[in-house]
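Here's the structure we're looking at; comments come further down.
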Amino acid sequence: MTKLNKSRVGKKWLSLFCIIVICILLNILGTRINAFFGLPLYIDNIGTILAALVGGYIPCVTVGFLSNVISGLFNGVSTYYCVITVLIAGIAVMYAHQFRRLRIQYILLAILIFALLGGGLGGLLTWLINGMSFGEGFAVDLAEKINSAVPMGYFLSNMLSTFLVDVADKFVVTLAALILYKLLPNRLIEYLRHKEWYYISIYKRHDKKSSIRFPLRTKVALLVALSTSLVAASSIAICVLQYHNSTVDEFTNQARHASAVIAKHVDGSRIDEYLKYGEKAKGYLKTKELMQSVSDSSPEIKYIYVYRIEKDGTHVVFDLDTEDVAANHPGDVIPYDTTIEKYSDLLLKGKDMPMDITNNQYGWILTVYKPLRDSQGKTLCYVGVDMSMSELREDEIAFLAKIISLFIGVLVLIRTYAVWIAERHFITPVNSIADAANSLSFDTPLARETSIKILNQLDIHTGDELENLYNAYCLTTADTIRYIDEVQRKNKQITRLQNGIILVLADIVESRDQCTGDHVRKTAAYCGIIMHQMQKEHIYEDKLTDQFVSEVINSAPLHDVGKIKVSDTILNKPGKLTDEELSIMKTHTSAGGEIIDKAITTVGEETEYLTEAKNLAEYHHEKWDGTGYPEGLSGEDIPLSARIMAVADVFDALVSRRSYKEPFSVEKAFDIIREGSGSHFDPLVVKAFLDAEDEVREVQKMNMDI
């Protein structure tokens, strides 16, 4: 890479970096201003919306994501709201064009969507993160007032209040971003708009025949979304499971520790005394106080008790009062609960019981039983500790909401950059090459030169296989154009050679007929005049293509080639021909057709040129009314080229000097042609011929016999 290119690349990314940094600082500054004045808003999206206005998706989404990450360094919860900011960033870019044009209705609509994301989705996220609570603050106070005025419940009133607060917030930040944007110099805005990262282009194929039904951009976006979603879903599931297991392990260890402490201070030799006398027994109250202090040491400990498990039921040794359940008295026998019933075989044998989690009338409970044994290893009773797991669900939901929000924010960021990279380094280059290929034209030297310029102007430098493909395509196209130029040069030589041979052949035939002069050249000129006039008047426009006109003009000199088979005696007879001689003379049409047929056989295929040459040679003496020769064709059954030649041939014969006649005046010749319209000649051909009278006179004058 040259120093100049490196410098350009450096400036390109420096400008992107500057936009991101400045807009992040604006977001942070907004939050600081909000905190300083104690406003009930957030004012944390000014930079995000401004980035959308000046830079598009890449800086905008990056600013939204990083702003929350940086804020999370000081307030950990802020990081989990990145999903809100990246979604707001995407909406801001979608409406950026309308923002720049200050279309009020679209600005208000965007603010409403911002508020739905920030207040609606953000409020729901707050509720989940705070353990099914909205916490405290201005929005919560407003919710209480709303609920007092219109009872709708805690959740709905808080969601409505957060939405209303967010409407005000998004109005302020949008207005601030628009003011800052309007203060920016136009030169700076135009400079940034031409940067490679400005927008992910929305490429549309204008070719109606395009077979694209599932654009590559969509495939890339879906692939990135699917792959990252699968990774995210797996990661989230693993994280939540790990969080659950680690919390259960923590509660289990805490319960075991608590039960071990209690078991250490319960006098096993006095269990029977405790069962019989209860609080009157020696040391009972002291042990109960210890149990109470252990219970008070952790809010997660819900119940602590000491039971002896017998076949007739559970014998209460120690039990503590709680807020919702009164304690059982020492010596009471109560039925087995679900946990004891599940492990009754182990407990009756005095064995250890595994940790158990149940969901019963007492709530979601984790239970640990610690056996209290004497010196001989006999189990005297069990110390039970029940840990409340109800808060774990709220914690898990909050954890799940946080991690999903964070992952979605990361996924949007990854998707934005992935699609941008694919867009800039693959999709756009491929579509540019495809568009250039569709627009290539090789018809003329100018078109070919323009085609090469179009390809070279793409200037694709992706540094990978695509660049190799582009270079190979450019090289192949250049070689193809050089080959076409060479082929066309050869074709022109062949065409000139062909026309030269035709004229030589026509001259050979003409030299035998001492009466015709420059007949073949003049008839070709007349045919050209007639056909061009017919094109102007849109006569037989479906047949009179430029190629047809060219073929007829070039093959016109061969219309009398059959005369080469007519003897000189008949051909140059100064007087009127006898009927027999006339019959022989008429054979020159069929003879001409046979000569051209042999040429077609020699070439191996019937070309347009030879086809028209055959039509001219064989049918130029046919008449519109069917009285001509050699086949007596009529109307449009006569080939168009032959009908045109019929007019040109007769006119030239009339105005030319022959050994057996003097030339007619041009006026007389025009009258004869006019009189033959509809009988001898095609009326439309005659019309075009007469309409081009000035051009016909000019050709006739230039070739007039002296």
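The values are calculated or read from the model by the stated rules, or taken from the named source; none is laboratory data. What you see is a predicted model, and the numbers here were worked out from it, not measured in a lab. Cβ placement follows ideal geometry from the backbone for every residue including glycine, while neighbour counts extend to all protein chains displayed. Keep in mind that these areas ignore ligands, DNA and RNA; they rest on the heavy atoms of the full protein, side chains included. Shrake-Rupley method; radii C 1.70, N 1.55, O 1.52, S 1.80 Å.
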Return the Cα extents of segment 47-146 along principal axes one, two and three, sorted largest first, each rounded to a whole Å. 41, 33, 16
Positive minus negative residues near Glu551 (Lys, Arg vs Asp, Glu; Cβ under 11 Å): -3
Dipole of segment 630-692 (Lys/Arg Cβ +1, Asp/Glu Cβ -1, origin at the Cα centre): which of Ala692, Val647, Phe664 lies farthest to the positive side? Phe664
Please list 76-89, 116-129 highest first by mean number of surrounding beta-carbon atoms within 10 Å per residue. 76-89, 116-129
In whole percent, and with a 1.4 Å probe on the protein chains, what portion of the accessible area of the chain is carbon and sulfur? 59 percent
Within segment 142-176, backbone nitrogen closer than 18 Å to the virtual label 7 Å beyond the Cα of Glu394 toward Cβ: 154-156, 158-159
Quick check: residue separation of Phe74 and Leu164 times 0.36 nm, minus the Cα distance between them. What number comes out in nm? 29.7 nm
Summing +1 for each Lys or Arg and -1 for each Asp or Glu, what net charge is found among the other residues whose Cβ lies under 13 Å from the Cβ of Ala255? -2
Placing one identical point scatterer on every Cα of segment 537-579 and ignoring solvent, what is log10 I(q)/I(0) from the Debye formula at q = 0.14, 0.32 Å⁻¹? -0.57, -1.08
What FRET efficiency comes out for the pair Thr569/Lys598, r = Cβ-Cβ distance, R0 = 35 Å, nearest 0.05? 0.90
Which whole-number percentage describes the relative contact order of segment 565-631, with Cα contacts under 8 Å and a sequence gap of 6 or more? 30 percent
Sites Leu175 and Arg424 - FRET efficiency at Förster radius 41 Å, r taken between beta-carbons, to 0.05: 0.80
Under Karplus coefficients 6.51, -1.76 and 1.60, residue-wise ³J(HN,Hα) of segment 125-134 in Hz, glycine/proline x: 5, 4, 4, 6, 5, 7, x, 6, 9, 9
What relative contact order, as a whole-number percentage, does the chain give when Cα pairs under 8 Å and 6 or more residues apart are counted? 9 percent
Contact order relative to length for segment 402-485, counting C-alpha pairs under 8 Å separated by 6 or more residues, stands in percent at 25 percent
Any idea how far the Cα center of segment 71-102 sits from the one of segment 268-303, in Å? 58 Å
Using modelled backbone amide H atoms (1.01 Å from N, in-plane), which distant-in-sequence or interchain residues come within less than 5 Å of Phe681's amide H? Trp624
Between Thr578 and Lys453, what FRET efficiency follows from the Cβ-Cβ distance if R0 is 56 Å, with the result rounded to 0.05? 0.20
Among Val69, Val561, what's the order by accessible area (1.4 angstrom probe), most exposed first? Val69, Val561
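What length, rounded to one decimal in nm, is gained on full extension from Arg674 through to Tyr243, with 0.36 nm per residue of separation minus their alpha-carbon distance?
Roughly 144.7 nm would be gained on extension.
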If you wrap a convex hull around the C-alpha atoms of the chain and split its volume per residue, what is the figure in Å³? 338 Å³
Using the Karplus curve 6.51 cos²θ - 1.76 cosθ + 1.60 with θ = phi - 60°, work out ³J(HN,Hα) for each residue of segment 314-319 in order, rounded to whole Hz, and write x for Gly and Pro. 9, 9, 7, 9, 10, 7
Cα axis of helix 57-72 to longest principal axis of the chain: angle in degrees, 0 to 90, nearest 10? 10 degrees
Given Lys573/Lys687; Lys598/Lys687; Lys623/Lys661, which pairs have Cα atoms separated by over 32 Å? Lys573/Lys687; Lys598/Lys687
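Dipole size in debye (nearest 20) for the chain around its Cα centre, Lys and Arg Cβ +1, Asp and Glu Cβ -1?
2560 debye
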How many angstrom lie between the C-alpha centres of segment 530-554 and segment 600-668? 16 Å
Rounded to two decimals, the Debye log10 I(q)/I(0) of segment 236-366 (Cα scatterers, no solvent) at q = 0.15 Å⁻¹ is -0.80
Gain in span if fully extended, Val487 to Ala233, counting 0.36 nm per residue against the direct Cα distance: 85.2 nm
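Segment 571-657: Rg/Rh from Cα coordinates, Kirkwood Rh?
Expressed as Rg/Rh, it is 1.01.
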What number comes out for the charge environment of Leu582, summing +1 per Lys or Arg and -1 per Asp or Glu over other residues with Cβ under 14 Å away? +1
Just to be sure I understand the model, the point goes 7 Å from the Cα along the line to the Cβ. What's the resulting Ala149 to Glu190 distance in nm? 5.0 nm
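Not counting the cut sites, what is the longest span of the chain without GluC sites (Glu not before Pro) that DSSP labels loop and that have at most 12 other Cβ atoms within 10 Å?
Working: sites that count: Glu136, Glu323, Glu541, Glu605.
The reported range is 324-540.
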